[in-house]
1. Count, please, the residues in region 381-402 that happen to be surrounded by fewer than 18 Cβ atoms within 10 Å (Cβ to Cβ) and among the polar types (S, T, N, Q).
2. Any chance region 532-541 includes a residue that's farther than 30 Å from LEU480 by Cα, in contact (Cβ under 8 Å) with a residue 12 or more places away in the chain, in a loop (DSSP other than H, G, I, E, B) and open to solvent by 40 Å² or more (accessible area, probe 1.4 Å)?
3. Yes or no: region 217-230 includes at least one residue that is open to solvent by less than 60 Å² (accessible area, probe 1.4 Å) and part of a loop (DSSP other than H, G, I, E, B).
4. Restricting to region 544-595, give me the number of residues that are part of a loop (DSSP other than H, G, I, E, B) and either in contact (Cβ under 8 Å) with a residue 40 or more places away in the chain or more than 25 Å from the chain's Cα centre (by Cα) (or both).
5. Filtering region 127-143 down to residues that are free of Cβ contacts under 8 Å to residues at least 60 places away in the same chain and surrounded by 16 or more Cβ atoms within 10 Å (Cβ to Cβ), which residue is nearest to ALA110 (Cα to Cα)?
6. Considering only residues that are in a loop (DSSP other than H, G, I, E, B) and open to solvent by 60 Å² or more (accessible area, probe 1.4 Å), look in region 330-380 and name the one that is nearest to GLN456 (Cα to Cα).
7. Taking only pairs six or more apart or across chains, which ones have beta-carbon atoms under 6 Å, a first residue in region 505-526 that is among the hydroxyl-bearing types (Ser, Thr, Tyr), and a second residue that is part of a loop (DSSP other than H, G, I, E, B) and surrounded by 14 or more Cβ atoms within 10 Å (Cβ to Cβ)?
Amino acid sequence: YEDHDKIDPFRMLSNPMVLVDKAVGKSNRTVFNATVSPYINFTKDIRLESTFGYTLQRVKESFFVPKDGAAPQTVNLFGRADNEVRDYAQRQTSIFSNTKLNWNFTFNEAGDLNLLGGFRFMTDNYESDLPRGYNTGNDNTKVLVDGMGYRFATGENNAWKSMSWYVNAAYDYEKKYLLSVTASADASSRFGKKADGIKMLGQQWALFPAVEGGWIASSENFLSGVSWINFMKVRAGYSVTGNDDVEAFAGRSYFAPVKYIENAIGLSIANIQNEGIQWEISKKASAGIDLHLFNERLSLSADVFSSKTDNLLTLKSLKSITGLDSYWSNGGSLKNNGYEFAFNSKLLNLPVLKWELGAGIGHYKNEITALPDGDYNTEILDGVVRTAVGLPAGVFYGFKTNGVYATTEEAAQANIYKQNENRSYRQYQAGDVRFVNSYTQDDFDGKAIINDNDRQIIGDPNPDFYGTITNKFQHKRWTLDVMATYSYGNDVYNYLRSQLESGATLFNQSTAMMNRWRTEGDITNMPRAVYGDPAGNSRFSDRWIEDGSYLRLKEVTLSYEVPFNLTYLQGVTVWATVNNLYTWSKYMGSDPEFSMNNSVLGQGIDAGLQPQSRSYYLGVRINL
């Protein structure tokens with residue numbers, strides 16, 4: 001590393017073998033699930049049924065980094081820490097209940113009517129605690145004890161409830177004309193008391209209607225003579241749905257513990273109440289067609305949709321006098337258009353070999369159409385996600401690069417400077433990243449200045465298209481099912497690689513750093529390694545944005561039907577399955593198919609979570 005004099009004297013290298021022997025990392029997980037589904041048939045057409053579910057999850061983890069063999073740490077507000085101990089505890093309790101009444105009517109030639117109504121209730125309580133301490137006195141003490149020089153704790157306590165009354169009426173006339181009408185009234189504890197809706201039973205309820213119609217055209221007389229059309233259905237629908245995916249206490253004011261100098265602990269405001277926060281509303285129109293052709297040898301399905309989402313759940317900016325950066329609010333709009341197409345074909349139907357091939361493809365394009373406070377940025381894992389009118393949701397916002405300065409002369413001729421936090425300037429040198437200067441209004445005295453104004457859109461996590469491919473082969477009693485999934489055109493922010501190739505710390509780096517710039521004239525895309533990264537070479541840029549396209553053999557199953565001819569045994573099937581068999585991708589991360597979280601702003605961000613591993617299963621299915 002260059003600039004050795006800037007290395008923190010507390011930072012030294014750890015001995016990995018000693019850590020393997022003395023460090024502690026234990027995790028115990030307990031999961032309990034119980035489900036009960038009672039029902040009663042009043043008549044052959046009236047049925048009352050319920051589903052009750054209870055889930056309990058507990059996690060207990062212990063973590064200890066010893067003094068011997070490990071590099072000392074520097075802890076803010078404390079100083080040098082020789083060893084570290086953590087204890088993590090998590091408890092989550094979930095309850096689900098759904099009770100519904102189903103009533104069927106038959107009107108002979110007039111058709112059939114099905115009525116369904118019910119009540120659904122869900123609750124979830126999540127608690128976690130993570131106490132941490134340093135300097136236990138010796139490596140034999142691996143738990144939190146009194147008298148430790150520095151201790152603090154973090155945790156969560158989230159609890160929410162959701163209720164829904166719903167009804168559905170489905171009618172078909174002459175098995176050709178279909179109509180379904182659905183309505184639900186939903187309430188969520190996440191929202192404020194002044195949210196829009198109907199007040200009932202002490203809660204604010206939002207109404208979500210939906211209607212869908214279908215026409216089985218193949219049942220009409222004018223198509224009865226078309227032998228190559230076996231089935232044809234045209235359908236269309238319109239629905240209104242709601243989203244309550246925000247923090248459990250987003251609509252309330254609450255305090256959180258804060259660590260002050262050494263052992264002092266206090267409370268500070270952590271959220272500003274918004275009693276008007278409410279459902280995010282999506283209105284969607286869709287249309288589609290289903291076709292079965294050529295004596296059921298080919299099946300086709302096509303759908304198009306267009307939706308608009310209003311009252312987007314967003315973080316709205318707050319003035320600095322509040323002590324907070326933002327609070328949850330409703331505002332803004334998003335539109336989303338797309339299509340899905342699928343087919344399944346029986347390519348071979350021979351006595352000794354049958355082969356079915358299927359595939360599906362989907363595409364969507366979203367665009368933010370309105371924001372209450374204008375465009376804004378969200379920082380996630382050292383990266384920036386841009387939310388702006390006219391752009392898709394979740395795009396990456398950072399610096400564009402154009403290689404590395406190979407020589408001192410090249411860097412001097414570029415005459416480009418980095419703006420430091422104290423408003424001073426530092427000229428880029430040989431071995432530094434060549435950042436693109438896209439905003440010239442901040443330049444002065446003939447110097448090009450690189451600062452936050454030079455950031456631009458550097459990636460889009462939304463794919464151009466996605467889908468599945470399936471194959472099914474049958475030979476006598478043997479069956480081979482192969483399913484592949486794919487995605488094309490989506491960009492990924494490889495956060496883990498940004499840490500392993502930053503060249504800015506003493507932490508272990510990947511072997512890609514062997515190609516870094518070292519001497520005058522080196523031609524490479526890997527900048528020099530300098531402790532502390534004074535040039536900002538590792539900042540969020542297109543260096544960390546990669547093509548996340550992939551094709552994955554998701555599931556392969558081989559099964560065999562054992563011949564049986566018994567009165568009480570209808571059949572036995574022995575099967576073997578392998579998941580995630582192989583993946584084709586240029587992505588350099590561990591897994592191109594991942595999800596950081598369910599948030600729209602979290603898509604396409606690889607946080608280094610555990611990848612989907614290859615797994616094997618053997619099983620027997622018995623039909624009695």
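1. 1
2. Of all residues in region 532-541, those farther than 30 Å from LEU480 by Cα come to 532-541.
From what's left, in contact (Cβ under 8 Å) with a residue 12 or more places away in the chain: 532-541.
After this cut, where a residue has to be in a loop (DSSP other than H, G, I, E, B) as well, the list is 532-540.
Keeping just the survivors that are open to solvent by 40 Å² or more (accessible area, probe 1.4 Å) gives 532, 539.
Yes, because at least one residue in region 532-541 is farther than 30 Å from LEU480 by Cα, in contact (Cβ under 8 Å) with a residue 12 or more places away in the chain, in a loop (DSSP other than H, G, I, E, B) and open to solvent by 40 Å² or more (accessible area, probe 1.4 Å).
3. yes
4. The qualifying residues number 17.
5. So, considering only residues that are free of Cβ contacts under 8 Å to residues at least 60 places away in the same chain and surrounded by 16 or more Cβ atoms within 10 Å (Cβ to Cβ), the one nearest to ALA110 (Cα to Cα) is LEU130.
6. From region 330-380, those in a loop (DSSP other than H, G, I, E, B) are 331-332, 350-353, 371-375; that's our starting set.
Within this subset, residues satisfying the condition of being open to solvent by 60 Å² or more (accessible area, probe 1.4 Å) are 350-353, 372-373, 375.
Details: LEU350: 58, PRO351: 60, VAL352: 59, LEU353: 55, PRO372: 22, ASP373: 20, ASP375: 13 Å.
Result: ASP375.
7. The qualifying pairs are SER510/GLU501; THR524/TRP517.
Conditions (1) among the β-branched types (Val, Ile, Thr); (2) open to solvent by 40 Å² or more (accessible area, probe 1.4 Å), marked per residue:
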{"residue": "VAL404", "(1), (2)": "yes, no"}
{"residue": "ILE416", "(1), (2)": "yes, no"}
{"residue": "GLU421", "(1), (2)": "no, yes"}
{"residue": "TYR428", "(1), (2)": "no, no"}
{"residue": "ARG434", "(1), (2)": "no, yes"}
{"residue": "TYR439", "(1), (2)": "no, yes"}
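The values are calculated or read from the model by the stated rules, or taken from the named source; none is laboratory data. Given the structure is predicted, the values throughout are model-derived calculations rather than measurements. Backbone-built Cβ (ideal geometry, glycine too); neighbour counts: all protein chains shown. Each accessible area value is taken on the protein alone, full model and side chains, heavy atoms only, with ligands, DNA and RNA left out. Shrake-Rupley method; radii C 1.70, N 1.55, O 1.52, S 1.80 Å.
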